[in-house]
Amino acid sequence: MSTSEGRAAGRGDRARYTQLLEHAGRTTVALRAAPGGAAARPWGSGVLIAPGWVLTCAHVLAASDGRRRETGPDGVFGVTFDGRVVPARLAYDLSRPDPAAGPAAVRADLALVQLLDPATEHPCAWLSDQPATLLEDAYIFRGHDASGAVTERDGDAGTVRRGEHAVRDAGDGGDPRDGGPGPGDGPGARGRGEHGAPAGPRAPALSVDPFIAVRFGARDARGLQFGSDVRVSPGASGGPLLDCDRGEVVGIVKGRHQQDHVGLAVPVTALRGLGPEHLVAGAEGLGPDPYHALMSLHDRWHWAGQDLGRAVGPTWFDAQHTIMAGRGRLWGVQERLQALDLLARLPAPRDPLVVEAAVGEVLERGERPGAWLLRTWRDGHGALYQGSDPYTELRAFVHYLRIVAQLTADEVRDAPGEEAAAVREQATRLAEFVQAKAVVLQPQDRRRIGPVRRRPCSVLVEFEPLFYDEGGQELFNWSVSEGYGQGQWLRVDVQESAGGVPFEQAREQVLRRLGGRLLRADGDAGPNARVRLEVAVPEGHWDTAAGQWEVAASTRRTARLRPVGPGRAVILRDQGRREQVDPAWLRRWQGLAAARELQALRIPPRPGADGRSPSAEAIWRLLETAGEGALPALCHTVADGFGRDAVGVALDTGFPAGLWPAHGHGEERDCDAGCEEFHRGVRELLQGSGGVARLPELVRQLRAKAAEAAEEGTHWARDLVLLYDDPEDPIPPLFTDRPQMSPR
């Protein structure tokens with residue numbers, strides 16, 4: 001291409017990107033001495049990226065000898081934009097070494113400056129959520145002082161290395177004879193400031209524009225290197241590098257080469273390294289996760305700018321829409337804008353590896369890590385741009401957001417309080433957005449993104465009685481389900497046949513597979529998690545000692561067997577209770593949950609003077625009139641006779657919880673010292689429980705102590721059975737034609 005053709009192309013690009021360039025110019029600032037102080041030239045540039053926050057290079061805030069610039073009291077200096085100077089101070093310095101990271105830790109030449117007046121209104125640039133690789137249509141910007149003056153020469157500050165040659169801080173004023181932009185030198189050669197203010201003269205005969213066209217750009221280990229037809233304007237260090245093809249700021253200008261028109265920029269993705277350790281002394285920070293907080297402010301500000309009731313003119317989004325119109329993308333700038341706003345309203349992921357795993361699942365790359373550090377849901381969104389066809393790209397984003405919505409909802413599934421409820425509401429909003437965008441997908445793809453791997457909180461084993469065989473033996477089918485709370489279950493294993501098998505055989509079949517199933521659920525639940533084992537049995541099997549079941553301790557073919565009860569919470573559920581919640585059951589549960597203290601309700605009470613136990617009618621009255629915090633406790637066997645009847649009455653009167661030994665005594669003998677020890681232990685357990693919700697874990701701790709004989713007087717708890725039937729999390733239908741409740 002000839003020089004004239006190149007200049008014509010530059011002018012064409014500038015016309016195409018006019019709106020975008022105007023927005024970028026309005027968000028570019030100059031950094032200078034404190035407002036009201038002695039007149040001084042600006043130090044360099046920066047870019048407004050979130051309400052009250054400016055991103056710049058850390059070295060811009062250092063003088064030529066490496067010391068901090070002279071500032072006002074408390075480190076205050078000035079930020080100039082829109083013809084005004086506002087007070088600001090340094091808040092985060094990413095170039096500071098982290099003592100905990102060691103001397104080899106990578107440090108970014110970036111800093112965050114905070115505007116001190118929270119009422120200051122200003123526009124914000126759009127920071128890319130994806131790494132930049134090659135640049136074809138790009139510009140760099142520099143800020144202007146209120147007077148339009150350019151920065152002064154400040155020696156060798158900011159010099160970096162490129163091969164054997166030095167790259168000087170682009171904030172250096174330099175010599176006007178050293179290749180400063182002159183008449184006809186491309187789209188960045190002449191003009192006025194972004195707000196109509198005349199650009200400050202670099203030499204008496206010249207004026208400068210706030211931006212320069214980039215001729216080429218590419219990323220390597222040192223950052224983003226770029227070249228232009230003219231030398232980088234003085235004062236550009238700390239200013240934004242704008243990729244016009246994507247309509248995004250992809251880098252922060254760091255320096256320029258001393259001999260040619262090549263410059264270097266820090267990728268904005270380096271901001272992902274921002275942490276609380278970079279907060280400077282005395283500054284107000286963004287909390288324990290400043291990167292997540294900053295980018296959430298950024299994304300929510302841009303979405304709020306589309307509010308028709310608040311819009312005062314074209315937005316950055318409008319400029320991006322103009323650029324990308326006609327490209328045939330199904331996941332366009334509008335979808336991205338709304339998706340990132342929804343992601344910004346969610347808490348940060350509990351571990352960056354969760355983001356990596358979600359991206360890996362969507363891109364079907366297994367456990368192979370990506371090329372870029374991913375810290376937030378936003379970063380994961382940016383990693384999905386793979387140059388795919390529009391349909392494949394849409395499917396990937398919908399799938400990813402579906403995973404994020406589910407993971408977030410699972411994190412606060414059972415958490416109390418308004419904050420957790422608000423998170424659940426935002427996760428639901430994201431899921432609804434996903435559902436709306438998925439309608440254009442083909443049915444097989446909608447099914448593919450539907451069942452997301454979730455974080456289970458329990459594994460349910462259910463025994464379903466069928467009928468009696470000719471010998472009078474009861475036969476069963478069984479199933480195993482993963483539970484996600486609030487009546488949401490996903491069946492993962494089932495033995496269903498017309499004939500069924502005896503209970504003991506069904507139990508042995510379950511135990512052969514249960515160890516591996518529990519271990520997989522633990523892995524899905526998160527690091528060091530132990531999901532709860534729930535066992536639903538019908539009447540006649542309430543004495544099932546599930547806490548003493550022995551299951552495989554690993555997935556090895558010859559794995560050792562270990563009792564399940566000491567290592568995880570194990571509870572018993574009534575197989576006869578389903579998703580149809582009886583009012584008495586719900587009322588009793590709510591009473592237990594609200595009770596300040598739980599009390600053991602001994603059944604039956606001590607025999608009367610005639611030595612006989614109370615009648616069935618007396619048991620009904622005892623249970624129906626029990627207080628809200630009452631919890632039945634039986635030392636009798638519950639497999640048959642009086643104990644079985646007593647448990648049945650307790651369930652019929654709505655009791656959701658109870659305690660008894662798996663091997664209680666029968667009616668052939670009276671209560672003895674062992675019974676007294678049992679009831680005393682139950683009373684002590686309930687008095688210090690802190691509420692019904694803690695019972696499964698407290699019983700587990702008792703079982704562990706009893707199994708190890710670690711504490712005297714706990715042997716009575718070795719075969720302790722805890723009935724724990726939460727009506728707000730009812731067991732699912734098992735053998736039915738109706739579909740299961742959705743696991744989503």
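The values are calculated or read from the model by the stated rules, or taken from the named source; none is laboratory data. In this text, all values refer to a predicted model and were calculated from it rather than measured experimentally. All Cβ positions, glycine included, derive from the backbone under ideal geometry; neighbour counts span all protein chains shown. Just so you know, the surface numbers come from the protein's heavy atoms only, side chains and all, with ligands and any DNA or RNA stripped out. Shrake-Rupley method; radii C 1.70, N 1.55, O 1.52, S 1.80 Å.
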Self-check item: Solvent exposure of the range 310-463 as accessible area per residue, Å², 1.4 Å probe
Solution: 46 Å²
Quiz item: Largest first, what is the accessible-area ranking of 393, 617, 668 with a 1.4 Å probe?
Solution: 668, 617, 393
Self-check item: Translational diffusion of the range 226-307, µm² s⁻¹ [Kirkwood Rh, Cα pairs; Stokes-Einstein; 4 °C; 1.567 mPa s]
Solution: 86 µm²/s
Quiz item: What accessible area per residue, rounded to a whole number of Å², is obtained for the range 465-535 using a probe radius of 1.4 Å?
Solution: 47 Å²
Practice problem: Averaging over all projection directions, find the projected area of the Cα convex hull of the range 361-432 and quote it in nm² with one decimal place. | Solution: 5.7 nm²
Quiz item: When all protein chains stay in place, what accessible area (Å², nearest 10, 1.4 Å probe) is found for residue 389?
Solution: 80 Å²
Quiz item: Taking the alpha carbon gyration tensor of the range 308-433, what are the square roots of 5 times its eigenvalues, largest first, to the nearest whole Å?
Solution: 25, 22, 12
Exercise. With a 1.4 Å probe and every protein chain kept in, tell me what percent of the accessible surface of the range 373-422 is carbon plus sulfur.
Key: 53 percent
Quiz item: When all protein chains stay in place, what accessible area (Å², nearest 10, 1.4 Å probe) is found for residue 277?
Solution: 80 Å²
Practice problem: Any chance you could list the semi-axes, whole Å, largest first, of the equivalent ellipsoid that the Cα gyration tensor gives for the range 658-727, using √(5λ)? | Solution: 20, 16, 11
Quiz prompt | Rg/Rg_ref, the range 511-582, where Rg_ref = 2.2 N^0.38 Å and atoms are Cα | solution = 1.23
Practice problem: Send over the semi-axes of the range 393-468's equivalent ellipsoid, whole angstrom and largest first, taken as the square roots of 5 times the C-alpha gyration tensor eigenvalues. | Solution: 28, 22, 10
Quiz item: How are the Cα pair distances of the range 318-365 distributed, in percent, across 10 Å bins from 0?
Solution: 21, 36, 32, 12
Quiz item: Can you work out D for the range 283-365 in µm² s⁻¹ from Stokes-Einstein, where Rh is the Kirkwood radius over C-alpha pairs, the temperature is 10 °C and the viscosity is 1.306 mPa s?
Solution: 106 µm²/s
Self-check item: Selection of trypsin sites (Lys or Arg not before Pro), the range 439-546, meeting DSSP coil and at most 16 other Cβ within 10 Å
Solution: 453, 530
Quiz item: So how do 667, 356, 70 rank on accessible area, 1.4 Å probe, biggest first, that is with the largest at the start?
Solution: 70, 667, 356
Quiz item: Which order do 107, 680, 142 take when ranked by solvent-accessible area (1.4 Å probe, heavy atoms of all protein chains), largest first?
Solution: 107, 680, 142
Quiz item: What does the convex hull of the Cα atoms come to per residue for the range 567-725, in Å³?
Solution: 116 Å³
Quiz item: Hey, any idea what the orientation-averaged projected area of the convex hull of the range 432-545's Cα atoms comes to, in nm²?
Solution: 9.9 nm²
Quiz item: How large is ³J(HN,Hα), in whole Hz, for each residue of the range 268-279 in order, when computed from phi with the Karplus curve 6.51 cos²θ - 1.76 cosθ + 1.60 and θ = phi - 60°, using x for Gly and Pro?
Solution: 5, 5, 5, 5, 5, x, 4, x, x, 5, 8, 5
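Leaving ligands, DNA and RNA out of it, report the carbon-plus-sulfur percent of the accessible area of the range 548-668 at a 1.4 Å probe.
Its accessible area is 48 percent carbon and sulfur atoms.
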Self-check item: Surface accessible to a 1.4 Å probe, residue 323 within the full protein complex, Å²
Solution: 10 Å²
